[in-house]
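Here, each number is a calculation from the coordinates, and none is a lab measurement. On a predicted model such as this, the values are computed, not experimentally measured, just so you know. Virtual Cβ from ideal backbone geometry, glycine too; neighbours counted across all protein chains shown.
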Amino acid sequence: MLKFSSCIMMMFTDLPLAERITAAADVGFTGVEIQRPYGEDLDELAKRLERAGVECTLLNTPYGDTEATKFGRASIPGEEAAFAVDLKLAMDSAEALGCTRIHVMSGTVPAGGDPMAHRQTLLSNLRAGAVAASARGMTLHIEPLNLTDNPGYFLIGQAMGHSIVEEAGMDNVKVQFDLYHAQMSEGFIADKIERYLAKSGYVQFAGVPGRHEPDDGEMNYTFLFGMLEAAGYDGWVGAEYKPRGDTVAGLGWAKPYGIG
């Protein structure tokens, strides 16, 4: 059976962050994504995770405070030193939370920017970062997003993500396969699952349009989750969506998986 992780930066938002861990566990989630734990009480979060018997499955590298770095900085030429600081903070936070997966945010390409320079910067940062992450038993993920929600983002499309991972040549660098972003960017999701799932390190989902529950919108997630199961996928599946209303009331899609 698939194992699901709740993105608690989006779900259970009527509660303080630490309490969302307990709330997710209470309805049957065995994992939680804590995208941005920075500035939070990591000791309290770690205690909540332990008490609830829940794994922190993923966090993101920090966002920057400029237009160019608002979606991260890993691909931005000239930001290499700042990225190294970001990654160390992410790894320290992940270690405190018992998390072994870090989503490396690539950043945006400005108007007139050189995409190849961004690619080479990302590759260099991934290779150096992967060495540091490996020493701590961690995996780095890159995630193709979509330009509607993330204008100018460097990394778009599964083919691009997998080509970068292949070129980086590091065993602990993986693609994070978000079905929502893939649908928004490219469509043909069943084909993408057949082509890329086996090489992906993590899966996420949300309904299209709106990024709400998976039973709301144009995507047939009963079919798509069935594809994941039929393929023998045993990694995490992250529920990274914004509930239409009350989080628990919107978990009808999850009942076949013992959640809700």
> For the stretch 15-32, what does the Karplus curve 6.51 cos²θ - 1.76 cosθ + 1.60, with θ = phi - 60°, yield as ³J(HN,Hα) per residue in whole Hz, taken in order and with x for Gly and Pro?
Replying inline: 10, x, 4, 4, 6, 5, 4, 4, 4, 5, 5, 4, 9, x, 5, 9, x, 9
> Can you run phi through the Karplus equation (6.51, -1.76, 1.60; θ = phi - 60°) for the stretch 5-11 and list ³J(HN,Hα) in whole Hz, with x for Gly and Pro?
Replying inline: 10, 9, 7, 7, 7, 10, 9
> Amide H neighbours of Gly187 under 5 Å, counting only residues 5+ apart in sequence or on other chains, H built in-plane at 1.01 Å?
Replying inline: none
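If the only charges are +1 at each Lys and Arg Cβ and -1 at each Asp and Glu Cβ, what is the size of the charge dipole of the chain around the Cα centre, to the nearest 20 debye? Don't skip to the answer; put the middle values down first.
Details: 21 positive and 35 negative charges, 59 e Å.
With Lys and Arg at +1 and Asp and Glu at -1, about 280 debye.
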> Check Asp215: other-chain or 5+ apart residues with amide H under 5 Å from its amide H, H built from backbone geometry?
Replying inline: none
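Give me the one-decimal Kirkwood hydrodynamic radius in Å for the chain, with the sum taken over alpha-carbon pairs.
On the way: mean 1/r = 0.0542 Å⁻¹.
Every distinct Cα pair counted, the radius reaches 18.5 Å.
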>> Run the reach check for Lys255 against lysines, Cα to Cα strictly under 19 Å, same-chain hits fewer than 8 apart removed. What comes back?
In response: Lys3, Lys242
> Of Ala18, Ala81, Ala133, which is the most mobile in a GNM of the chain whose springs link Cα atoms less than 10 angstrom apart?
Replying inline: Ala81
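Once every DSSP H run of n ≥ 4 in the chain is given -39500 (n - 2.57) and the sum is divided by its residues, what mean residue ellipticity at 222 nm do you get, rounded to the nearest 500 deg cm²/dmol? Before the final figure, lay out the partial values.
On the way: 8 runs with 95 residues, N = 260.
When only DSSP H runs of four or more count, the value is -11500 deg cm²/dmol.
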> Expressed in whole Å with the largest first, what are the equivalent ellipsoid semi-axes of the stretch 141-254 derived from the C-alpha gyration tensor as the square root of 5 times each eigenvalue?
Replying inline: 24, 17, 12
>> Skipping prolines and chain starts, which residues have an amide H placed within reach, meaning under 5 Å, of the one on Leu58, given they are 5 or more residues away or on another chain?
In response: Ile34
> Ranked by Cβ crowding within 10 angstrom, fewest neighbours first, how are Ser185, Ser163, Ser5 ordered?
Replying inline: Ser163, Ser185, Ser5
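So what is the relative contact order of the stretch 3-257, in percent, for Cα pairs below 8 Å that sit 6 or more residues apart?
Values: 489 pairs, mean separation 43.4, N = 255.
Dividing the mean separation by the residue count of the stretch 3-257 yields 17 percent.
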> Fewest to most neighbouring Cβ within 10 Å: what's the order for Lys88, Lys255, Lys242?
Replying inline: Lys255, Lys88, Lys242
> Quick one: Karplus J couplings for the stretch 67-81, per residue in order, coefficients 6.51, -1.76, 1.60, θ = phi - 60°, nearest Hz, x for Gly and Pro?
Replying inline: 4, 5, 10, 5, 10, x, 9, 5, 9, 8, x, x, 9, 4, 5
> Which of Ile193, Ile21, Ile76 moves the most in a Gaussian network model of the chain with Cα springs under 10 Å?
Replying inline: Ile193
> For the chain, which cysteines have no disulfide-compatible partner, meaning no other cysteine Cβ under 4.7 Å?
Replying inline: Cys7
